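Enquirer: Handing you a structure now.
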Amino acid sequence: MTSHSARRGLAGFAALFAVALLAAPIQAHAAEREFKKKECVDCHKKEVDKFAGLKVVHPQVKAKACDQCHLRHGIVGKLILKEPGNQLCYTCHKREAIGMNKPNVHKVLKNGSCAKCHDPHGSNAPHMLKAAGNDACYQCHDKAPFQRKTVHAVLAKDGCRACHAAHASDVPQLLVKEQGKLCAGCHSATTPGFKKAHASYPVETRNCTACHDPHSSDGKKLLKASVHPPVAESSCSDCHSAANSPKPFGVSDAGGALCANCHDAAKLDGGGATVHAPVKKGECLSCHDPHASPNKSMTKLAGEALCKSCHTRMAEKPAIVHKAMSGGCVACHKPHASAQKKLLKSDPAALCGTCHAKVAEAKPKVVHAPFAKKECASCHDPHGSGVNGMLRDRADKVCYRCHADLEAKFVKTYTHKPVLQGNCTACHQGHGSDNPKLLRAAGAKLCQTCHAELMKASPGMTAHPPFADGSCLDCHDPHGSNSKGMLSADTKTTCLNCHGDEDKKAKSAKTVHGAFAAGDCTGCHNPHQSKMRRLMVAPTPDVCYACHKGMKEKIAKQKAHPPVDDCFNCHQPHSSAQAKLTAQPLQELCGQCHDLKAAAFTKAHIGIQPADINCTSCHDPHSSADPKMFKSTMHAPFAARQCDSCHIVEPK
């Protein structure tokens, strides 16, 4: 090995050794490196401080074991629980221990919302409740029924939990015991005072809440708001057998006959021919409680809730509710009997008139038949509806009940938008109007409610007479039509109703404009108003170019005949006794600009008489590439101006 090679090898070995030395500490450091676990409380310090100050703290929170309930979620700022709702709570609190297997479970618990009452982290109230004592219950239950003039002593002293279980119970209403046993725990049925108050009847075998409110009352002895007089006077024997009889709670008469002993049936029904079914059957207790009730007149349920217990259809709340319904069913109906159908308090029209006096007293010139007959309910639902105006159905469906022939008649290719939407009341008044056909406004004023922009008069505009007069129906059908624009007939027929003279001319004419023959009047004319003469949609020749596009392109490229600036210089717009719709015989028409007697004309036409000449045989009447307006294709002798090569002109 040469000295040079030896030196090179030594240098390489030294470099490798240096790299190895540098790599060793890096690898060692990498082997020791690891992520340090960060606890929830390291970030959620505010929450830690908040929970530390609470009297009752969830054990998992106290142990800082957040991940017992929560999933670790890094930087995602969102609550992520391990289980949804109550399922999370059940991982520690067994369902049976809470009472989920019992027949009566607190509604809020049944719906899976433990956190409705409990704070999941901690609270200053026992059991981690969000509020202390009765206030926890008042978060859902209205306070008013529990804070009347006379409050049940046990409620005032010990709160709701004295009688009710918080989670579940074997007894209805979450009571901790059966009602009789629960009440007997405080109220002994053997005391003289108890016996006197209840006329010695064995009421301990019955439900105390039949007469008493268990929470609070505005009356004495916690009696309910509406009390049957015999109950208030402890005169139970007025209805029941004697207290010491074998069946003390038996009644002296059955059903309505018992009530009739005190309540005069004639006064109740007022001699009305329409009697409420329960009254007719003597089933007073289907509506009334015989002892006491929190509702007026001792009804079993408050207001309309009582009626809806039988009349279930009325329980479906409509989008638009009759305001009278806020006063309950008795605002319009009698509860027992009436001289009117459907137990109404008075004649239907008079009844409606008590609130809708202005409508009832109105005297329009044209009156809708049902309104004249005072049959309000033929169109309106007296309870409420899903349609504006409390109509029984969509406006057109209501109208078609009487106007059945119109439903099919209005099915057209082009239908007026209000008709299409079933909105008859957009144009017609439902009760009456001072305008014909119950219209909301007369003539064009009605149309202007929607078409105001179209009907706006503009300075310098020429208006079609029917449009100017507001006679929209001279041309249009107000409901629908099979003709475009909702015209009463096709365009040509509609226009010729007034412009019949043009049709007469066309029938005897030699040529008829194609647009006129096809009835396309609006292709050239605006039917309402225009800044152009003759209601043209555009000035000539532009209006003509809409169809004659090739003519426009040709004129643009060639020398134009000056009269083409206005097609009406030479042509009639609808029909003509001449060919090509020309306004006059050809020689007369050309002679208006060209002197046919001039020497130059005679020379140019080799002395041929003008009357014998058809100008358009040689000349293009619109444009040409030739200075003399000759046609583009010419016979060679003619192009050389050598007419006499073929023609012999003999002087006359």
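The values are calculated or read from the model by the stated rules, or taken from the named source; none is laboratory data. Bear in mind the structure is a predicted one, so any value in this text is a computation, not a measurement. Cβ atoms come from the backbone with ideal geometry, glycine included; neighbour counts cover every protein chain shown. Please note that ligands, DNA and RNA were not included when accessible areas were found on the heavy atoms of the full protein model with its side chains. Shrake-Rupley method; radii C 1.70, N 1.55, O 1.52, S 1.80 Å.
Enquirer: Using Cα pairs under 8 angstrom and six or more residues apart, how large is the relative contact order of the chain, in percent?
Expert: 6 percent
Enquirer: Among residues other than PHE467 whose Cβ falls under 13 Å from its Cβ, what is the net charge (Lys/Arg +1, Asp/Glu -1)?
Expert: -1
Enquirer: Can you tell me the mean projection area, over all orientations, of the convex hull of region 90-238's alpha carbons? Units nm², please.
Expert: Computed as one quarter of the Cα hull surface, the answer is 10.4 nm².
Enquirer: Would you mind getting the Kirkwood hydrodynamic radius of region 266-307 from its Cα pairs, rounded to one decimal in Å?
Expert: 11.2 Å
Enquirer: What's the carbon and sulfur percent of region 494-652's accessible surface, probe 1.4 angstrom, rounded to a whole number?
Expert: Of the solvent-accessible surface of region 494-652, carbon and sulfur hold 57 percent.
Enquirer: Now for a separate question. Size of the chain along its principal axes in angstrom, Cα-based, largest extent first?
Expert: 156, 139, 37
Enquirer: Here's another thing I want to ask about it. On average over all directions, what projected area in square nanometres does region 230-358 have, based on the convex hull of its Cα atoms?
Expert: So the Cα hull casts an average projection of 9.9 nm².
Enquirer: Return the ratio Rg/(2.2 N^0.38 Å) for region 327-413, where Rg is computed over Cα atoms only.
Expert: So the Cα radius of gyration is 1.30 times the expected 2.2 N^0.38 Å.
Enquirer: Show the residues, 5+ positions off or on another chain, whose built amide H is closer than 5 Å to the amide H of GLY480.
Expert: HN-HN under 5 Å from GLY480: HIS416.
Enquirer: Looking only at Cα atoms, what is the convex hull volume of region 248-321 per residue, in Å³?
Expert: Hull volume over Cα atoms, normalised by residue count, gives 129 Å³.
Enquirer: Accessible area per residue of the chain at 1.4 Å probe, in Å²?
Expert: Normalised by residue count, the accessible surface of the chain is 68 Å².
Enquirer: Cross-link list LYS94/LYS181; LYS181/LYS224; LYS317/LYS437; LYS220/LYS281; LYS300/LYS374: which exceed 27 angstrom alpha carbon to alpha carbon?
Expert: Pairs exceeding 27 Å: LYS94/LYS181; LYS317/LYS437; LYS220/LYS281; LYS300/LYS374.
Enquirer: Net charge near CYS399: determine it from the other residues with C-beta under 13 Å of the C-beta of CYS399, scoring Lys and Arg +1 and Asp and Glu -1.
Expert: My count for the surroundings of CYS399 gives +2.
Enquirer: Just want to confirm a number: the relative contact order over region 47-102, from Cα pairs under 8 angstrom separated by 6+ residues, in percent.
Expert: About 17 percent, as a whole number.
Enquirer: Ok, one more. Please compute the contact order of region 320-419 in relative form: average sequence separation of alpha-carbon pairs under 8 Å and at least six residues apart, divided by the residue count, as a percent.
Expert: 22 percent
Enquirer: So if I take the alpha carbon set of region 293-440, get Rg, then get Rh from the Kirkwood formula, what is the Rg over Rh ratio?
Expert: Expressed as Rg/Rh, it is 1.04.
Enquirer: Follow-up question, since we're still on this one. Express the Stokes-Einstein translational diffusion coefficient of region 115-181 in µm² s⁻¹, to the nearest whole number, given a Kirkwood radius over alpha-carbon pairs, 4 °C and a viscosity of 1.567 mPa s.
Expert: For these conditions, the coefficient is 98 µm²/s.
Enquirer: In whole Hz, with x marking every Gly and Pro, tabulate ³J(HN,Hα) for region 193-210 from phi via Karplus 6.51 cos²θ - 1.76 cosθ + 1.60, θ = phi - 60°.
Expert: So the Karplus estimates, Gly and Pro as x, are x, 5, 5, 5, 4, 10, 6, 6, 6, x, 5, 5, 8, 10, 7, 4, 6, 5 Hz.
Enquirer: What is the sum of charges, Lys and Arg at +1 and Asp and Glu at -1, for the other residues whose Cβ falls under 15 Å from the Cβ of LYS456?
Expert: Overall, the nearby charge balance is +1.
Enquirer: Using only the alpha carbons of region 543-616, determine the length spanned along each of the three principal axes and report them from longest to shortest in whole angstroms.
Expert: Computed over the Cα atoms, the extents are 41, 31, 15 Å.
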